[in-house]
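I have placed the structure first, in the form of structure tokens, so that the comments after it can refer back to it.
The values are calculated or read from the model by the stated rules, or taken from the named source; none is laboratory data. These figures come from a predicted structure and were not determined experimentally. Neighbour counts are summed over all protein chains in view; Cβ atoms, including those assigned to glycine, are modelled from backbone coordinates with ideal geometry. For the accessible areas, the whole protein counts, side chains as well, though only heavy atoms, and no ligand, DNA or RNA atoms are used. Shrake-Rupley method; radii C 1.70, N 1.55, O 1.52, S 1.80 Å.
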Amino acid sequence: MIVVTGATGNVGRPLVEALTAIGEQVTAVSRRPAGPELPEGVRHHQADLADPASLRPALDGADALFLLFTGELRIGERLVRELLEDAGSAGVRRVVVLSSQAAGSRPRAASHAPLRALEEAVRASGLDWTVLRPGGFASNAFAWAESVRTRRTVAAPFGDVGLPVVDPADIAEVAAATLRGQSHAGRTYELTGPAPVSPREQAQTIGDALGAPVRFTELSRAQARAEMLRFMPEPVADGTLEILGDPTADEQRVSPDVERVLGRPPRRFAEWALRNIAAFR
């Protein structure tokens, strides 16, 4: 049995679907009650990872754990170690953790220190482990959905800076493979899309999928920061702007790891846009 935390999110939901489609028994864990988004027959367990005791009942009988901490959660080393000790005591043998590319590409950035601590705890857990480090998510474009629906506009900073954003469905498929296969133990995979794509190009791609032009407006760094601070802590907003506006060579590089694990190239942003175009209509 495989336990999937964050099971109703952009990665967790397709991961649960991918695992059940191949016949795996899954316990889906989320902080809120599950809705119809979970496949029929999937067991749901409501838990908050900030309270490790709340997760323990879901671990009974499990042999693998997908560990995803939401951005709002302050990851403490003691909390993570307690979660992993509970998992090992329950019989879990394999843990796959969702981290971030920036944990490696920006090793001194304070905004990503919690993720580095998470990775270190997983590696020291005594379990078979795999770390997934995705770059920017294609699904971050959902932030533009309302403005595209109502005004056919996208506003973003650094309009011509391209990053190889990754489709969450690809992250989910890699996670499913690593949760089931022993050959991935002890590995860290960087997950990207197949080519850099800028915000301006993403807006055009969404417009192409809609069959209607979408106008792009470039925000200043200050304007973008003010908007981000409405829903992000200040260090996270500043760290995100650094990546978007001044990416390192590693952050712009296309990683071979999705294809290495799945045996096919990663999906293009255009494929993500077509699959999710209803959100922008």
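Just to be sure before I move on: is Gln204 open to solvent by 70 Å² or more (accessible area, probe 1.4 Å), among the polar types (S, T, N, Q), more than 27 Å from Pro256 (Cα to Cα) and not in a strand (DSSP E or B) in the structure I sent? Judged against the criteria, Gln204 is not a match. The number of residues in region 236-270 that are open to solvent by 70 Å² or more (accessible area, probe 1.4 Å) and within 20 Å of the chain's Cα centre (by Cα) comes to 8. Just one of Ala62, Ala87, Ala58 is closer than 27 Å to Phe137 by Cβ, part of a loop (DSSP other than H, G, I, E, B), more than 16 Å from the chain's Cα centre (by Cα) and in contact (Cβ under 8 Å) with a residue 24 or more places away in the chain; which is it? Of the residues listed, the single one that is closer than 27 Å to Phe137 by Cβ, part of a loop (DSSP other than H, G, I, E, B), more than 16 Å from the chain's Cα centre (by Cα) and in contact (Cβ under 8 Å) with a residue 24 or more places away in the chain is Ala62.
Scanning region 127-149 for residues that are in contact (Cβ under 8 Å) with a residue 40 or more places away in the chain and open to solvent by 30 Å² or more (accessible area, probe 1.4 Å) returns Asp128, Trp129, Arg133, Gly136, Phe137, Phe142, Trp144, Arg149. Restricting region 70-95 to residues that are at pLDDT below 85 and under 16 Å from Arg123 (Cβ atoms), the residue that is most open to solvent (accessible area, probe 1.4 Å) is Glu77.
Rundown of residues vs (1) of a type in the set (Lys, Arg); (2) open to solvent by less than 30 Å² (accessible area, probe 1.4 Å), yes/no style:
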{"position": "Met1", "(1), (2)": "no, no"}
{"position": "Thr5", "(1), (2)": "no, yes"}
{"position": "Leu15", "(1), (2)": "no, yes"}
{"position": "Glu24", "(1), (2)": "no, no"}
{"position": "Glu40", "(1), (2)": "no, no"}
{"position": "Arg56", "(1), (2)": "yes, no"}
{"position": "Leu65", "(1), (2)": "no, yes"}
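For region 150-162, the condition holds for no residue, the condition being that it is hydroxyl-bearing (Ser, Thr, Tyr), more than 16 Å from Ala278 (Cβ to Cβ), crowded, with 19+ Cβ neighbours inside 10 Å and touching a Ser or Thr at 6+ places or on another chain (Cβ under 7 Å).
Evaluate region 53-64: report whether one residue or more is touching a Pro at 6+ places or on another chain (Cβ under 7 Å) and not aliphatic (A, V, I, L, M). Among the residues of region 53-64, not one is touching a Pro at 6+ places or on another chain (Cβ under 7 Å) and not aliphatic (A, V, I, L, M), which makes the answer no.
When the test is whether a residue is hydrophobic (A, V, I, L, M, F, W, C), modelled with pLDDT of 95 or more, surrounded by fewer than 22 Cβ atoms within 10 Å (Cβ to Cβ) and in a loop (DSSP other than H, G, I, E, B), Ala50 does not pass it. If you go through region 164-201 and keep only what is among the hydrophobic types (A, V, I, L, M, F, W, C), within 13 Å of the chain's Cα centre (by Cα) and not in a helix (DSSP H, G or I), you end up with Val165, Val166, Leu191. Those residues that are of a type in the set (A, V, I, L, M, F, W, C) and either touching a Cys at 6+ places or on another chain (Cβ under 6 Å) or open to solvent by 30 Å² or more (accessible area, probe 1.4 Å) (or both), I need them from region 26-38; list them, please. Selection gives Ala34 alone.
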